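This report concerns only the one structure given below.
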Amino acid sequence: MPLHMLYDSGRICKINPPKVRERLAREGPASLSDADLLAALLGTGMRGKNVRELAEEVLGLLDSSREVPDAEMLGRLAGVGEAKAAAVCAALELGRRLYGSRDKKVASPGDVWPIVSHWSDRKQERFICCSLNGAHELIAARVVSVGLVNRTVVHPREVYADPITDRACAVIVAHNHPSGRLDPSPEDREITARLKGAADTLGIALLDHLIFSGEGYYSFVEHGLLEPPTSD
């Protein structure tokens with residue numbers, strides 16, 4: 001395994017993450033995974049923790065946070081420190097301001113997949129809820145829970161807590177299958193039925209449930225496993 005760091009009498013010597021910055025320059029940032037992008041941004045790791053491992057830890061914190069964590073929270077991770085935390089926060093906020101998906105019109109499952117597909121490389125399932133306004137424009141896409149490799153445990157109160165705060169009129173839920181297989185499990189079907197019942201009670205439209213990987217997605221509505229809401 002290539003070394004990301006060299007140590008000399010306890011001092012850290014910087015070495016660029018191998019191939020990451022070269023790929024970024026050659027193929028553009030869209031070719032990199034979330035962890036690769038963070039590794040390129042962080043630049044270095046620490047003794048006993050290379051930059052890729054540090055990037056994975058930062059990514060775990062970002063996935064589990066409802067909002068962008070502040071620099072103080074990021075700085076608590078061993079190996080991050082004040083300067084790297086500030087750089088990550090600044091990059092996330094700039095990306096949100098300039099290129100965020102907020103207000104993106106969602107008219108079909110194909111519009112949702114680009115919003116959630118960057119979670120497809122995670123080794124554990126991420127269950128995601130997308131809040132939509134009355135015009136079906138995206139308000140926010142958030143990770144609700146992180147499960148085991150082949151199982152995600154979710155509860156309707158966790159899924160709908162943020163949409164209620166958002167005053168969302170509709171939601172689309174999604175989760176990745178780390179195996180790459182897109183067919184729904186019996187548990188996926190049961191979770192969808194529970195969420196549909198809760199949505200009807202709350203007066204929030206559950207528009208679809210997507211299972212996705214880096215190669216594509218499976219729509220419950222398109223396959224007749226979820227009845228789309230009727231228009232008033």
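Since every read-out is calculated from the coordinates, none of them should be taken as a lab result. Everything quoted here is computed from the prediction, not taken from an experiment. With ideal geometry, Cβ positions are generated from the backbone for all residues, glycine too; neighbour counts draw on all protein chains shown.
Tabulated results
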| item | result |
| --- | --- |
| Calculated FRET efficiency for the pair Ala107/Arg26, C-beta based, R₀ 30 Å, to 0.05 | 0.30 |
| Highest-fluctuation residue, Leu41, Leu94, Leu54 considered, GNM on the chain with Cα pairs under 10 Å | Leu94 |
| Above-threshold pairs, the threshold being 27 Å between Cα atoms, out of Lys49/Lys123; Lys84/Lys104; Lys105/Lys196; Lys19/Lys105; Lys49/Lys104 | Lys84/Lys104; Lys19/Lys105; Lys49/Lys104 |
| Largest-first ellipsoid semi-axes for the chain, taking √(5λ) over the Cα gyration tensor eigenvalues, angstrom | 36, 18, 16 |
| Helical contribution to [θ] at 222 nm, DSSP H n ≥ 4, -39,500 (n - 2.57), averaged over the chain, rounded to 500 | -12000 deg cm²/dmol |
| Relative contact order (percent, whole number), the chain, Cα cutoff 8 Å, 6+ residue spacing | 13 percent |
| Translational diffusion of region 109-219, µm² s⁻¹ [Kirkwood Rh, Cα pairs; Stokes-Einstein; 25 °C; 0.890 mPa s] | 179 µm²/s |
| Gaussian network model of the chain, springs between alpha carbon atoms under 10 Å - residue of Arg142, Arg122, Arg23 with greatest fluctuation | Arg23 |
| Residue among Arg194, Arg126, Arg52 with the largest mean-square fluctuation in a Gaussian network model of the chain, springs linking Cα atoms under 10 Å | Arg194 |
| Inter-probe distance in nm under a simple model that places probes 7 Å from Cα toward Cβ, at Arg181 and Asp63 | 2.1 nm |
